[in-house]
Amino acid sequence: MSESAGQSGNGNERNASLPAFVVRLRERISQSVLSMTSGSGPTLDYTHPPGDPGLFGPDSVCWQVHADFTSMMIGGISALMLQALHPLALAGVWDHSTFRTDMRGRLRRTATFIAGTTYGAHDDALALIERVKRIHLSVTGVAPDGRPYRASDPALLTWVHVAEVSSFLAAHLRYVNPSLSSARQDRYYAEVALIAKLLGATDVPETRAQVAEYLSSMRPELEAGPRTHEVVRVLRHAAPPDRPLMQPAVRLMLNAGVDLLPDWAQQMLGFTRFARMQAVLARPGVRLVGPFIRWAHVNAVSKRARRRAASAPDA
């Protein structure tokens, strides 16, 4: 997901040795990928200023985990379904979001935030966080059960964060690097906890064990009502009709997102045994498509940010 948000640059230097038809194919696929997760929110320059490592830097685990478009897309889809199980978090999305008519816009905004806070220059990342905090202040209301909610509630921020980053890491382990060590997985959670805290979250889990304990403790607060099922329905029909080249791959990633959910979440969301079996069958397809998308996505955000961080700082 994060690989395409707010991109600029064309990577022509990497296409110079390729036949023209291959270059055209690569560019067509890359633009189709871009259409899924760019075009909403601020456009960031990931190439400047030279020498700026951002909030984390190239040696961080989050730069590694967030670098693959396919796994991040799958993790993001799974995270949205998981987040929708929390009645108060869902109420804020339901009342203040256009997801029912623009689910891709929702995905793009999330992609922009993840890319910008992970790979953006230091000041750009902090500015993006402040922008989201200001938006959160206006997201208030009353849930159908009569409870008030506010997007700036530290507990809700923690829920949204954990659902998101645990899904990103699960997708990375399944589709990119199953051998990522336990220590580096813990380091990932410790790194990305910084973003949650800067947004205002509290008691943010920072290890695998803490994340597992947190998710277990939250289960009594979760439920799957009509609104939850509507979110899932809209999400599962989010394949872009205007990008036929991407439709099969997006449907594959949507099924993989279902498969990535914890078993208890799949059961709560009402996925039948047949649907869950279909989701499992998405795994070999994702492993086939993923390398092809990586090949096409030649000028990804993480690559440009890495070149920026390695450049000599301006005098």
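If the chain linking T98 and L198 were pulled fully straight, counting 0.36 nm for each residue of separation and taking away their Cα-Cα distance, it would gain 33.4 nm.
In terms of packing, defined here as the mean over residues of other Cβ atoms within 10 angstrom, the peptides 60-69, 179-188 line up highest first as 60-69, 179-188.
With a cut-off of 12 Å between beta carbons, the residues surrounding E230 carry a summed charge of +4, where Lys and Arg count +1 and Asp and Glu -1. Inter-label distance, H48 to R131: 1.7 nm, where each label sits 7 Å from its Cα along the C-beta direction. The stretch between V234 and Q267, if pulled fully straight at 0.36 nm per residue, gains 10.0 nm over its current Cα-Cα span. When Rg and the Kirkwood radius Rh are both evaluated on Cα atoms of the stretch 12-310, their ratio Rg/Rh stands at 0.95.
Of the residues I135, I74, I195, the one with the fewest other Cβ atoms within 10 Å heads the list, and the complete ranking is I135, I195, I74.
Bear in mind that the values in this text are calculations on the coordinates, not laboratory data. Keep in mind the model is a prediction, meaning the values are calculated, not measured. Methodologically, a virtual Cβ is constructed for each residue, glycine included, from the backbone with ideal geometry; neighbour enumeration extends over all protein chains shown.
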